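To start, the structure under review is shown below, and the notes come after it.
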Amino acid sequence: MTGNLNERAQELYHGIRELPIVSPHGHCDPAWFATDAPFSNPAELLVVPDHYVYRMLFSQGIPLSDLGVGSAGANADPREVFRIFASHWNLFLGTPSRIWISYVLRETLGIKHDLSAEVADMVYEQIAEKLAQSDFRPRALFDRFKIDVLATTDPALDPLRHHQAIRACTWSGRVVPTFRPDGVLDGSDPEFQQNLSTLEALTNCDLSSYSGYLSALRARRQFFIAMGATATDHGIEVLHTEWLGEPDALYQKLRNGEGSLEEAQRFYGHMLIEMAQMSVEDGLTMQIHAGSKRNTNHSILREFGRDKGADIPIAQDWVRGLDTLLNRVGNMPDLRIVLFTLDEATYARELAPMAGHWPCLRIGPPWWFHDSPAGIARFFDQVVETAGYFNLAGFNDDTRAFFSIPARHDLWRRGVATHLAEQVSRGYFGLDDAEYLASLLSVGLARQVYGLDN
């Protein structure tokens, strides 16, 4: 039985492995594709931008500054950074980072040696030689990776100049922005008041009133849509939604820097509903990433800034957290809200039953700490029986590491094939259905949920 199962999984995998990549959510830099400049060096490629990598090294006592991270590491020698990484390659055994980077080294860069201290300099030189070649520039790799569309994540105040440059050039690659408005919704953001001033200047809307504030947000959404955006993205620590009868008073307090943290959270909860209502109007898919306690290592925050590997998952209450939003717009079948969690306990208990009922909801794939072989298997085991397959959002790689995109999609497709092969072996459906679902989970659902069919 095991042999037959493995053969069936391989058959399903080979049917989807060469499908184009649809990447509807990620954090690649659009400047790469606007300028098509060569990637600078192997350390900047594989270590410096990847928090999966440097958080593991930091956990074993290696200072972030030695890894070229942040302004404190700006003067680090990239060769030495790569030596440290290669010398500690064994630390990644058992992690998805090991799988992704091994794929990048072997399949993308053609490196035949396993990383180690002994071969660090030689591998560095081999990678550096590849990066100097035209075939390894961003646009050529985009085409080689068979990426059909790639979405970046961009602050609401971003002028999107790189996206404009991409649209103006002769290259045919499709790179679209995603509207990330947290900086102009979250009154607890230290730069909230300055962000509102910038928003006012960008839109020529009068932000002295709440209605003017909403008009400015609508204007920015329309600007992003004109640049190709099909989605918004919202990151929130603890999910909360409520409808404020008179939001202007609280808006004015926060605009003047006088609101409390609790008031900022209440206003943000109200604005999530406003964002959902705007998505009903303009058709943007809404993404909610909840459950990450950000920047828990305060000394790292002070020295290196935000998003340096110290974000930790926390428990969520999706049912109560989304109650007000869903009872306002959740029955609208044309609205799409994709939910991402770091709290796996909520998959079977809350998210699958919710997506299996509310027409607007879809469940995002395993995120961050859980986009791994075991995490993918747990995900399918916990959500499919209640939500089915058609209430899922397919796959997105959610990465800053461009070279890892094919590796992450390959890992997902292997997980899909294994899961579907197991379903067939149990007699739940036949091979024809499994082949159809494999394509849907690899590409089709992402196109549908994010409005990327065109």
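Data overview
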item: Breaking point among (1) under 20 Å from ILE337 (Cβ atoms); (2) touching a Phe, Trp or Tyr at 6+ places or on another chain (Cβ under 8 Å); (3) not in a helix (DSSP H, G or I), for GLY309; result: (1)
item: Positions within segment 12-27 being buried (at least 16 other Cβ atoms within 10 Å of the Cβ), touching a strand residue (DSSP E or B) at 6+ places or on another chain (Cβ under 6 Å) and more than 17 Å from THR178 (Cα to Cα), in sequence order; result: ILE21
item: Residue in segment 275-284 that is under 25 Å from the mean Cα position of the chain (by Cα) and among the acidic types (Asp, Glu) present; result: yes
item: Residue that is surrounded by the most Cβ atoms within 10 Å (Cβ to Cβ) [pool: residues in segment 150-160 that are more than 14 Å from the chain's Cα centre (by Cα) and in contact (Cβ under 8 Å) with a residue 60 or more places away in the chain]; result: ALA156
item: Count of segment 396-442 residues which are in contact (Cβ under 8 Å) with a residue 60 or more places away in the chain, of a type outside the set (D, E, K, R) and within 19 Å of ALA151 (Cβ to Cβ); result: 11
item: Lone unmet requirement of (1) within 24 Å of VAL22 (Cβ to Cβ); (2) crowded, with 17+ Cβ neighbours inside 10 Å for GLN164; result: (2)
item: Residue tally, condition assigned to a helix (DSSP H, G or I) and either out of contact with any Gly (no Cβ under 8 Å at 6 or more places or on another chain) or surrounded by 18 or more Cβ atoms within 10 Å (Cβ to Cβ) (or both), over segment 354-385; result: 15
item: Qualifying residue in segment 382-391 (condition: closer than 30 Å to VAL104 by Cβ, among the aromatic types (Phe, Trp, Tyr) and in contact with a Ser or Thr (Cβ under 9 Å, 6 or more places away or on another chain)); result: no
item: Of all residues making up segment 125-147, the number that are outside any helix (DSSP H, G or I) and either under 15 Å from PRO42 (Cβ atoms) or of a type in the set (Ser, Thr, Tyr) (or both); result: 2
item: Subset of segment 161-185 that is part of a loop (DSSP other than H, G, I, E, B) and within 20 Å of the chain's Cα centre (by Cα) - its residue that is nearest to MET227 (Cα to Cα); result: PRO177
item: Single residue of segment 33-71 satisfying the filter (among the small types (Gly, Ala, Ser) and farther than 20 Å from ASP307 by Cβ) that is surrounded by the most Cβ atoms within 10 Å (Cβ to Cβ); result: ALA34
item: Within segment 272-284, tally of residues that are in a helix (DSSP H, G or I), in contact with a strand residue (DSSP E or B) (Cβ under 7 Å, 6 or more places away or on another chain) and closer than 14 Å to PRO333 by Cα; result: 2
item: Residue match in segment 363-373 (condition: acidic (Asp, Glu) and at pLDDT 95 or above); result: no
item: Failed criterion for TRP32 (all others in (1) of a type outside the set (Val, Ile, Thr); (2) closer than 18 Å to ASP143 by Cα; (3) in a loop (DSSP other than H, G, I, E, B) hold); result: (3)
item: Sole exception among (1) of a type outside the set (A, V, I, L, M); (2) assigned to a loop (DSSP other than H, G, I, E, B); (3) over 18 Å from PHE403 (Cβ atoms) for GLU7, by number; result: (2)
item: One residue from GLY212, GLY235, GLY245, GLY269 being assigned to a loop (DSSP other than H, G, I, E, B) and not aromatic (Phe, Trp, Tyr); result: GLY245
item: Segment 208-233 residues that are over 19 Å from PRO159 (Cβ atoms) and touching a residue at least 40 places away in the same chain (Cβ under 8 Å), paired with ones that are assigned to a loop (DSSP other than H, G, I, E, B) and small (Gly, Ala, Ser) (beta carbon under 7 Å, 6 or more apart); result: THR230/GLY451
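The values are calculated or read from the model by the stated rules, or taken from the named source; none is laboratory data. Computed from a predicted structure; not experimentally measured. Because the Cβ atoms are built from the backbone with ideal geometry, glycine has one as well, and the counts that use them run over all protein chains shown.
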